[in-house]
Amino acid sequence: MSSRDSLRIGILGCGPISQFAHLESVQKGRNVTLHAVCDADKGLADRFGTFYDASRIYYSYDDMLADPEIDAVIIGTSDAFHVPASIMALDAGKHVFCEKPLGLTVEEVEGLRAKVHASGLVYQVGHMLRFDPGIEATRQFIDNGMGELLALKAWYCDSTHRYTVTDAVQPLARKGSNARKPSGDPKANKQRYYMLAHGSHLVDLARYFAGPIKSVHARLSEKFGAYCWFVDTEFENGTLGHLDLTIAVRMDWHEGFQIYGERGSAIGKIYNPWYYKSSDVEIFHEDEAEYRRVLGADGHFYRRQIEGFADVVLSGAPMRGADIDDGVASVRAMAAIAESVRTGKPVDINTVAGEV
C-alpha cells in the first residue's frame, strides 16, 4: 500500500500487445504513470518510449529493474518469457502485471505461485475480460441475485476475417530488427498456440462466472485448417459447463456466453477486443420477469485492468482482476484439456502436470 496517488510503471516489451494495449492504457490511466519502457530492440524502445513520454528508456531489463523509482512492471513479452521475467521482477521488489497466459507448463507456474505468495507483492494476470462492464455486471448478478447456478455455456470463435477487421481499426504494428524471441516458433504447434492465445480467455471467463473447475472432458476436431475444441466442464460447485473454442469460424467474430441460474439467467455477446466495446449482456430477473442491460460506455478494459491493478497496490483495494492463483488454475485447465484430447478421458485439473 502506498500513500501516493499514482503507480510508477515500467513496461517490458514494446511489441504488438504493448503497442495496441498497454502503452496507451498507462498513458490514459487515472492512477498510473509511465515511468519507463524497456526493449532489447533499441529502435522499438526509443520510438515508443518517446511517443508515450516515458521518463526513461531502457534496453536492458536488469537496468530497468534496478531503477528505484519504478513501483511495478507490466510484462508484455512472448509467453515463454512470462515466468522468468516475473521472477526477476519479484526479486527486485516490483509488483507485477503479466500478460496472459501466465506460463507454458504447470510446473513453472506453480513455482512462480510459491514465489509470489512468499514475496507479499501484488501480482495480476492480464485477463482483461474481467474488466468488461457487461461481464462485470453479469458477475455482480451471479453474486447477488442469480442464486444457485445450474449451467454455463461459453464460446470463443475467432474469425477468418479477424485480421481484415483489426487492420481497419489498428495502426500497423512496428517490428524491430533486434527483438528478443523465444527459441523455436511458438506458432509451429497450432493446437498449443491457439489454446494458449485464445483458450486462456475462454477458460478464465468460465472460472470468473462459475468458480473453480474440477474436471474437463475434451474433444478436438481438425478440418480444413480449422480447430474446434468442445469441452465438457465440471465445476467444483456442481455447475455443468460446455466450452467451445473454434479457430477459425467462417463468419464474423463469435464470442459469448449463456448462464442459467435459480432466479435468473444471462446471455452475452462479446466483441472483438480491439473495438473497445463492452459486451452486450441481457440479464433476466425471474422475480420481476424483466430483462436488464448495461450500457457499459467505458469499454476500454485494457486501461481499466491497469487502473484496477494500481488500486490494489496503492490503496489495498480488493483484487478485481485475475490473481496468481487464477493464472495457475487457467494453465492447469488448459493442460488438462490437452491431456483429455490425447487420452479421450475426463481429466481432473488438480492432478494434471506438464505443458499445455
(request) May I ask you to say which residue of Val281, Val331 is under 24 Å from Phe230 (Cβ atoms), touching a residue at least 12 places away in the same chain (Cβ under 8 Å), of a type in the set (Val, Ile, Thr) and outside any strand (DSSP E or B)? (result) Val331
(request) Might you let me know whether the stretch 211-233 holds any residue that is buried (at least 18 other Cβ atoms within 10 Å of the Cβ), assigned by TED's automatic domain parsing to the domain that holds Val341 and not in a strand (DSSP E or B)? (result) no
(message) Suppose the filter is among the β-branched types (Val, Ile, Thr), more than 28 Å from Gly145 (Cα to Cα) and more than 18 Å from the chain's Cα centre (by Cα); does Val313 pass it?
(response) yes
(message) If the requirement is being surrounded by 15 or more Cβ atoms within 10 Å (Cβ to Cβ), of a type in the set (Val, Ile, Thr), farther than 30 Å from Arg30 by Cα and out of contact with any helix residue (DSSP H, G or I) (no Cβ under 6 Å at 6 or more places or on another chain), which of these qualifies: Val331, Val341?
(response) Val341
(message) For Leu34, only one of the following conditions fails: (1) of a type in the set (A, V, I, L, M, F, W, C); (2) in contact (Cβ under 8 Å) with a residue 40 or more places away in the chain; (3) not in a helix (DSSP H, G or I). What is its number?
(response) (2)
(message) Within the stretch 278-311, take every residue that is among the β-branched types (Val, Ile, Thr) and crowded, with 22+ Cβ neighbours inside 10 Å and give me the one that is nearest to Leu34 (Cα to Cα).
(response) Ile306
(message) Only one of Ser6, Ser55, Ser86, Ser78 is out of contact with any helix residue (DSSP H, G or I) (no Cβ under 7 Å at 6 or more places or on another chain) and within 30 Å of Ala353 (Cβ to Cβ). Can you tell me which?
(response) Ser78
(request) Please give the number of the condition Ala45 fails out of (1) closer than 21 Å to Asn178 by Cα; (2) part of a loop (DSSP other than H, G, I, E, B); (3) in contact with a Phe, Trp or Tyr (Cβ under 8 Å, 6 or more places away or on another chain). (result) (2)
(request) Please give the number of the condition Leu121 fails out of (1) modelled with pLDDT of 95 or more; (2) assigned to a helix (DSSP H, G or I). (result) (2)
(request) Residue by residue through the stretch 237-277, note down the ones that are surrounded by fewer than 19 Cβ atoms within 10 Å (Cβ to Cβ), part of a loop (DSSP other than H, G, I, E, B) and in contact with a helix residue (DSSP H, G or I) (Cβ under 9 Å, 6 or more places away or on another chain). (result) Asn237, Asp252, Asn272, Tyr276
(request) Could you identify the single residue in Ile74, Ile70 that is assigned to a loop (DSSP other than H, G, I, E, B) and either surrounded by 21 or more Cβ atoms within 10 Å (Cβ to Cβ) or within 21 Å of the chain's Cα centre (by Cα) (or both)? (result) Ile70
(request) Please tell me if Arg113 is among the charged types (D, E, K, R) and under 30 Å from Ala89 (Cβ atoms). (result) yes
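The values are calculated or read from the model by the stated rules, or taken from the named source; none is laboratory data. Note that the structure is predicted; figures quoted are calculated from it, not measured. For neighbour counting, all protein chains shown are included, and Cβ atoms are generated from backbone atoms with ideal geometry for every residue, glycine included.
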